[in-house]
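Undergrad: Here it is, the structure in full.
Here, each number is a calculation from the coordinates, and none is a lab measurement. As the structure is a prediction and not an experimental result, all values here were calculated from the model. Methodologically, a virtual Cβ is constructed for each residue, glycine included, from the backbone with ideal geometry; neighbour enumeration extends over all protein chains shown.
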Amino acid sequence: MNGDFGVGCYIIEALEQEQLCNSIHLAYLADDPRYAGELLYEMDFAVIVGAVNLGGSAGSIHCWDYRTFQHNVAWLINESHSIELLVDALCRTELAGGFPGDILFLWIEPKATEGVAISREVHKALRLVIQIIKKSLFERGCLHENSLKISPIYRLELLRTVA
């Protein structure tokens, strides 16, 4: 298992508990985002979340727009094969004329890279990431204001370190 790199599962699970409008599609691509282009094609707004080592402290969140992503893409591709696949998918979508109107990238700094649970640091970060996503959806009219409250995350197990 990949520990914190599976944080997307928890985010999808939390967002599925909300009353999202019908035009919202949630997808977990794991470490193989080759098919992201199909999902992003002609979307008004897309949120891409991942655990990526960017050199910050565990649990740090980096919010990027597409311009910032493009600025850092050469370095990111060298750091992660899944980012390379994501870039390919985004390029294909752009070439096909269906690039999303707006993209938000949310990168979480991982701590645990093995095991079946996420670390305490990423657990804290994921709650904030969910709030950022929910606020973005609310601002676009895709989520009710009542949904901006913190939602429970079910089946979340913290990684316990053995001393």
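Undergrad: Do any trypsin sites (Lys or Arg not before Pro) in region 67-143 lie in a DSSP loop with no more than 15 other beta carbon atoms within 10 Å, and if so, which?
TA: Passing sites in region 67-143 are R140.
Undergrad: Just the Cα atoms of region 1-66: what Rg and Dmax do they give in Å?
TA: 13.1, 37
Undergrad: If you take the beta carbon distance between Y66 and Q19 as r and set R0 to 41 Å, what does 1/(1 + (r/R0)^6) give as a FRET efficiency, to the nearest 0.05?
TA: 0.90
Undergrad: Ok, one more. Considering only DSSP beta bridges whose two residues both sit in region 3-148, what percent are antiparallel, to the nearest 5?
TA: 40
Undergrad: Picking from A74, M43, G59, whose Cα lies most toward the positive end of the charge dipole for the chain (charges on Cβ: Lys, Arg +1; Asp, Glu -1)?
TA: Sorting the options by dipole projection puts first G59.
Undergrad: Give the long-range amide H neighbours of F45: residues separated by 5 or more places, or on another chain, with amide H under 5 Å away, using H modelled in the peptide plane at 1.01 Å from N.
TA: Counting only residues 5 or more places away or on other chains, the set is G101, D102.
Undergrad: While we're looking at this one, here's another question. From zero outward in steps of 10 Å, how is the percent of C-alpha pairs of region 3-148 spread across the bins?
TA: 11, 42, 38, 9, 0
Undergrad: While we're here: Among D4, D65, what is the fewest-to-most ranking by other Cβ atoms within 10 Å?
TA: If I rank by nearby Cβ atoms, fewest first, I get D65, D4.
Undergrad: OK, next. Using a simple spin-label model with points 7 Å from Cα along the Cα→Cβ vector, what separation in nm is obtained for E139 and D44?
TA: 1.4
Undergrad: While we're here: Mind checking region 84-154 for GluC sites (Glu not before Pro) that DSSP puts in a loop (not H, G, I, E or B) and that have at most 14 other Cβ atoms within 10 Å?
TA: Listed in order of number, the matching sites are E114.
Undergrad: C91 to D31: FRET efficiency via 1/(1 + (r/R0)^6), r the Cβ-Cβ distance, R0 25 Å, to the nearest 0.05?
TA: So the FRET efficiency works out to roughly 0.85.
Undergrad: Right, here's the next one. Kindly point out which whole DSSP H helices in the chain project their C-alpha atoms 20 angstrom or further along the helix axis while averaging a Kyte-Doolittle hydropathy of -1.0 or above.
TA: 81-95, 120-139
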